[in-house]
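Let me begin by presenting the structure, written as structure tokens, before commenting on it.
Every number in this text was worked out from the coordinates using simple rules, so none of it is lab data. This is a predicted model, so every value here is computed, not measured. Because the Cβ atoms are built from the backbone with ideal geometry, glycine has one as well, and the counts that use them run over all protein chains shown.
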Amino acid sequence: MLNRIWLAFILSAFVYACGGAIFNQDANIFGRMVEAIFDMAKLSVDISLGLIGLLAFWLGLSKIAEKAGLIDKLAHFMSPVFRVLMPSIPANSPAQGHISMNLAANMLGLDNAATPLGLKAMQSLQQHNIQKDTASDAQIMFLVLNTSSVTIFPVTVFMYRAQAGAAMPTDVFMPILLATLASTLAGIIAVATVQKLPLFKLKPLVIFAGCFALAAAVISYMLTLSATQLAEMSSFWANFLLLSFICLVLAVAGYKKLAAYDYFVEGAKEGFSVAVQIIPYLVAMLVAIAAVRTSGMLDGILSAVRWLVQLFNGDSQFVEALPTGLLKPLSGSGARAMMVETMNTHGADSFAGRVASVMQGSTETTFYVLAVYFGSVGIKYTRHAISCGLIADMAGISSAILVCYWFFA
């Protein structure tokens with residue numbers, strides 16, 4: 001699947017560029033594509049090397065937490081849910097604890113912690129994988145949970161809206177929460193359908209969804225706060241919880257008289273090898289994405305969508321925000337740039353500006369996550385991971401549009 005998609009990206013971009021060179025008399029299009037490809041190849045190495053320090057720190061801390069028994073306790077607490085979502089993983093496996101830590105970091109918007117913890121979780125899942133070069137059912141479910149973007153604190157989106165002059169930057173909070181919930185549920189249902197998981201018996205997930213709704217109700221008062229106040233509050237609690245977790249791990253290790261420093265170094269050594277291992281996967285994926293973007297194919301797709309909507313006398317306001325949604329599975333920075341560009345062009349409080357904001361907060365960079373996570377354990381055959389991840393993305397994009405029509409039209 002990934003081989004076909006990768007080839008399709010590059011070859012279709014080249015064909016589209018040829019059309020642009022012939023019909024639009026754009027003689028520089030191939031030069032721009034080559035430049036973008038080389039830039040992305042360099043960026044891939046920069047990203048991987050930039051992860052070394054973070055990976056070393058969090059994998060070292062994770063090793064201490066594992067030796068102190070905290071991972072086992074977290075796995076035991078979350079086992080009712082993972083027993084249904086990932087039945088191939090043994091009960092109370094450390095992998096369940098690592099997954100829980102990663103998802104918690106994603107919900108709180110702690111990107112610096114989420115990626116290293118996610119890589120550790122993928123490595124733990126790989127230990128239970130029989131076919132080492134092929135994604136297991138549990139790994140696919142974990143990847144889709146990450147790509148469905150379960151985010152409770154989309155503070156970055158609020159800050160960009162504030163900078164763009166939005167009257168109430170946080171007015172997209174509830175739409176983002178609803179859209180990301182739809183994305184997550186769609187991803188889970190898609191994977192469960194393929195893997196034939198008995199979701200109708202999933203009492204633990206119902207409890208989990210209830211807790212999620214309760215958390216949403218508790219923090220809904222943030223809608224009354226300014227973007228600056230919300231950013232300060234979110235930053236304070238996120239950093240406080242992060243440091244509290246670090247101190248808890250070290251305190252328990254000290255109480256149990258563990259060689260915390262030695263365990264930290266042992267875990268940190270894994271960070272370098274993981275960062276180097278993902279470089280080829282990142283280069284391959286980002287180069288293909290660069291070709292698609294610079295060929296003009298993305299603009300062609302948007303024009304086709306706008307024409308199709310207008311053909312059926314539909315409201316095409318949302319089309320101006322689609323670049324953010326279409327780019328998000330491919331490039332986080334590209335989608336962020338398109339969101340800012342949409343707000344600057346049409347206004348932060350315009351319908352397109354709000355739709356772009358909700359799309360940015362409710363979807364994830366599917367192909368980047370896939371390249372990094374699967375690349376870290378050498379998986380070549382992704383099975384249904386891409387299709388299920390894209391289903392989650394489409395659910396997030398569609399929900400973002402529908403919810404915005406509900407709230408702002």
Once the Cα atoms of helix 366-375 and of the chain are each reduced to a long axis, what angle between those two axes, in degrees from 0 to 90 to the nearest 10, is obtained? 40
Taking a ≥ b ≥ c as the square roots of the Cα gyration tensor eigenvalues, with a/c under 1.5 meaning rounded and otherwise prolate when a/b beats b/c or oblate if not, the stretch 33-102 comes out oblate
Past 28 Å, Cα to Cα, is the threshold; run K196/K269; K67/K132; K73/K120; K63/K328 against it and keep the listed order. K196/K269; K63/K328
Surrounding charge for C388, neighbours by C-beta under 15 angstrom, Lys/Arg +1, Asp/Glu -1, total -1
Semi-axes of the equivalent ellipsoid of the chain: what are they in whole Å, largest first, if each equals the square root of 5 times a C-alpha gyration tensor eigenvalue? 35, 26, 21
Name the shape class, rounded, prolate or oblate, that the alpha-carbon gyration tensor gives for the stretch 292-336, where a ≥ b ≥ c are the square roots of its eigenvalues, rounded holds for a/c under 1.5, and otherwise prolate holds if a/b is larger than b/c and oblate otherwise. oblate
Convert each backbone phi in the stretch 383-395 into a coupling constant with the Karplus relation 6.51 cos²θ - 1.76 cosθ + 1.60 (shift: θ = phi - 60°), then list the ³J(HN,Hα) values in order as whole Hz, x for Gly and Pro. 6, 9, 5, 5, 4, 5, x, 5, 4, 4, 5, 5, 5
Give the calculated FRET efficiency between Q163 and S88 to the nearest 0.05, with a Förster radius of 56 Å applied to their Cβ-Cβ distance. 0.75
Rounded to the nearest 10 degrees, the helix 70-85 long axis (Cα) sits at an angle to the longest Cα principal axis of the chain of 50
A chain fully extended from I22 to A8 at 0.36 nm per residue, minus the present Cα-Cα distance, gains in nm 2.9 nm
For n ≥ 4 DSSP H runs only, could you compute -39500 (n - 2.57) per run for the chain, divide by its residues and tell me the 222 nm figure to the nearest 500? -25500 deg cm²/dmol
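In the neighborhood of R32, defined by Cβ-to-Cβ distances under 12 Å, what is the net charge if each Lys or Arg adds +1 and each Asp or Glu adds -1?
-2
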Sorted from largest down, what three extents in whole angstroms do the Cα atoms of the stretch 1-144 have along their principal axes? 64, 31, 27
Give me the net charge of S12's neighbourhood, meaning all other residues with Cβ under 13 Å from the Cβ of S12; Lys, Arg count +1, Asp, Glu -1. +2
Between F407 and A337, the two model label points (7 Å from Cα along the beta-carbon direction) sit apart by a distance in nm of 2.7
When a/c is below 1.5 the answer is rounded, else prolate if a/b is larger than b/c, else oblate, so apply that to the stretch 343-409 with a ≥ b ≥ c taken from the square roots of the Cα gyration tensor eigenvalues. prolate
From the Cα centre of the stretch 280-306 to that of the stretch 1-74, the distance in Å is 12
If you take the beta carbon distance between I279 and I130 as r and set R0 to 25 Å, what does 1/(1 + (r/R0)^6) give as a FRET efficiency, to the nearest 0.05? 0.40
Output wanted: per-residue J couplings in Hz (rounded whole) for the stretch 137-148, from phi through Karplus 6.51 cos²θ - 1.76 cosθ + 1.60, θ = phi - 60°, x for Gly and Pro. 4, 5, 5, 5, 4, 5, 4, 5, 4, 6, 6, 7
